[in-house]
1. Whole-Hz Karplus ³J(HN,Hα) for segment 70-84, in order, using 6.51 cos²θ - 1.76 cosθ + 1.60 and θ = phi - 60°, x for Gly and Pro?
2. What distance in nm separates the simple spin-label points at Asp86 and Trp119, each placed 7 Å from Cα in the Cβ direction?
3. Report the extension gain between Leu26 and Phe68 in nm, rounded to one decimal, defined as 0.36 nm multiplied by the number of residues separating them, less their alpha carbon distance.
4. Between Ile75 and Val44, with labels modelled 7 Å along Cα→Cβ, what's the label distance in nm to one decimal, could you check?
5. Using a 10 Å cut-off on Cβ atoms, rank the peptides 66-76, 22-32 from the highest mean neighbour count down.
Amino acid sequence: MAQAGIHGLVGMAVRKAAGRKEWLILGILLGSFVPDMDNVGVAVATLTKMPIAAAAGGIHRTLTHSVFFMAAVVIVFYLVGLWRKDTRWGNLGIGLGLGMLLHSLLDLFIWFNGVALFWP
């Protein structure tokens, strides 16, 4: 999947702008791959010949590419950071959010059939 390589390269290109905050660049790199994890559900549905297999293709570029999902991830990791009194968790959440945003924006420019940024 060539797109995964492109997303990883873009995530690494942001490294210089990320500064030296602990776990931030890790979050950006991981976040640049997270939105395509919905492909796992599509693959499982297809391989197991589940009745939702035909509809499963409709889940890609929806929830995990949504700005609401990105915001939820950032908030959850920020709250974990507050609870653990460790700013690295907040940095990881911000990085994940930035990585997912970069991924979704790149998908907007690469794919012509759209990305559901405001799904649902």
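Every read-out reported here was derived from the displayed coordinates using simple, explicitly stated rules and does not represent laboratory data. Treat the numbers as computed from the prediction; the structure is a model and nothing was measured. Cβ sites come from the backbone with ideal geometry, for glycine too, and all protein chains shown count toward neighbours.
1. Each residue of segment 70-84 in turn: 4, 5, 4, 5, 4, 5, 4, 5, 5, 5, 4, x, 5, 5, 8 Hz.
2. 3.1 nm
3. Values: separation 42, 0.36 × 42 = 15.12 nm, distance 2.12 nm.
So the extension gain works out to 13.0 nm.
4. It works out to 2.6 nm between the two label points.
5. On the way: 66-76: 16.6, 22-32: 22.0.
In descending order of packing, they fall as 22-32, 66-76.
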